[in-house]
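The values are calculated or read from the model by the stated rules, or taken from the named source; none is laboratory data. Not measured: the values here are computed from a predicted model. Neighbour counts are summed over all protein chains in view; Cβ atoms, including those assigned to glycine, are modelled from backbone coordinates with ideal geometry.
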Amino acid sequence: MDSSPPTMPEAKLLPGDLAIWFFIFMELLVFGIFFIVYAVMRIENIELFNEYQQTLNRELGLANTLLLISASYFVVRAVQAIRQNHAASCVYWLYAALAGGGGFLILKSLEYNEKFSAGISLSTNTFYMFYLSLTIFHFLHVILGMLILFAVAVKAKRGAYTAVSHTGVETAASYWHMVDLVWVILFPLVYIIR
Amino acid sequence: MKTLYNVHTIWLLMMLLTLASYFVGEVGPGGWLAMLFVLVAALVKGIFIIRDFMELHGVSLLWRVIMYGWLWVVCISIAVAYFI
């Protein structure tokens, strides 16, 4: 009979580089504060927020959400591929994710063009100030995420990652999922809930 | 059952939740119940992203508390601000 004390299962390591998780945490803190301030400011301006929320293009918001969720799924597939040593497949999935991110940027640019053409700016009213600053801040994160994914795709194509050494792919994936996570809250908050 | 819970079905479920949220907001009955549904759908999608896409299932408790804590605090704060 085994008399040794039962051992606790060891916690799994965080995927990717530990440094990216501190960066993700800081980013989430900033977005979290932004979201809560938006919700609190809305309490004092409910009619204004409800009225101007109706002017947003929710169909573009919906399409963008579907694009980002799909891009995140493609990144998951890229990580799965490199873990099986399928570098070519990993590159393919990363390009698919980049296409999703690119689609997001195009649709968002169309949305901004519509608003800016109508003379809407940060100083139009409190709702637009939040709408523009929140979504533009997120837009910049999508661009950064795409740059990281592209750099990783180029490295993967050159054979820099293998089944046993692919921290870079996991690091890029973690950052991209953070961008998706933020949008998953931002979309209903700014476009739908009223 | 375990075979049904994978990244493919999670992706499909998140797409369906997104479509459902849009239709509830657009053509649904409105009111606090509809908005609660939209917020809960966002919370569920966030849990899927953290648990299964970011692969934080089984990592140290500290990181799970940080990530899920952020999600819950944000969602509950929004709910409180909208429904008080």
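For the stretch B:50-62, taking the residues that are outside any loop (DSSP other than H, G, I, E, B), of a type outside the set (A, V, I, L, M) and in contact with a helix residue (DSSP H, G or I) (Cβ under 7 Å, 6 or more places away or on another chain), the one that is nearest to the other protein chains (Cβ to nearest Cβ) is identified as B:F53. When the stretch A:142-194 is examined, which residues are found to be charged (D, E, K, R) and in a helix (DSSP H, G or I)? Of everything in the stretch A:142-194, those that are charged (D, E, K, R) and in a helix (DSSP H, G or I) turn out to be A:K155, A:K157, A:E170, A:D180. Checking each residue in the stretch A:1-27 for being loosely packed, with under 13 Cβ neighbours inside 10 Å and modelled with pLDDT of 95 or more picks out A:L18, A:A19, A:F22, A:M26. Looking at A:V76, is it within 17 Å of the chain's Cα centre (by Cα) and within 27 Å of B:A79 (Cβ to Cβ)? So A:V76 fails the test. Filtering A:A156, A:A96 for residues that are in contact (Cβ under 8 Å) with a residue 60 or more places away in the chain, farther than 16 Å from A:Y52 by Cβ and touching a helix residue (DSSP H, G or I) at 6+ places or on another chain (Cβ under 6 Å) leaves a single hit, A:A156. Restricting attention to the stretch B:63-81, which residues are small (G, A, S) and either under 18 Å from A:S72 (Cα atoms) or facing chain A (nearest Cβ under 7 Å) (or both)? Matches in the stretch B:63-81: B:S77, B:A81.
Would you point out which residue out of A:F139, A:F150 is within 16 Å of the chain's Cα centre (by Cα), within 30 Å of A:A39 (Cβ to Cβ) and at pLDDT 95 or above? Being within 16 Å of the chain's Cα centre (by Cα), within 30 Å of A:A39 (Cβ to Cβ) and at pLDDT 95 or above holds for just one of A:F139, A:F150, which is A:F139.
Checking A:A71, A:A97, A:A156 one by one, the residue that is of a type in the set (A, V, I, L, M), in contact with an Asp or Glu (Cβ under 8 Å, 6 or more places away or on another chain) and closer than 20 Å to A:G16 by Cβ is A:A71 and no other.
Okay, residues lined up against (1) surrounded by fewer than 18 Cβ atoms within 10 Å (Cβ to Cβ); (2) more than 13 Å from the chain's Cα centre (by Cα); (3) not in a helix (DSSP H, G or I):
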{"site": "B:M35", "(1), (2), (3)": "no, yes, no"}
{"site": "B:R64", "(1), (2), (3)": "yes, yes, no"}
{"site": "B:Y68", "(1), (2), (3)": "yes, no, no"}
{"site": "B:C75", "(1), (2), (3)": "no, no, no"}
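Take A:I106 and tell me if it is more than 14 Å from chain B (Cβ to nearest Cβ), closer than 26 Å to A:T55 by Cα and in a helix (DSSP H, G or I). Here the answer is yes, as A:I106 does meet what is asked. Counting only residues that are of a type in the set (A, V, I, L, M) and without any contact (Cβ under 8 Å) to a residue 12 or more places away in the chain, which one in the stretch A:101-119 is farthest from A:G32 (Cα to Cα)? Among residues in the stretch A:101-119 that are of a type in the set (A, V, I, L, M) and without any contact (Cβ under 8 Å) to a residue 12 or more places away in the chain, the one farthest from A:G32 (Cα to Cα) is A:A118.
Between B:V27, B:V44, the distinction of being under 29 Å from A:D17 (Cα atoms) and more than 8 Å from chain A (Cβ to nearest Cβ) belongs to B:V44 only.
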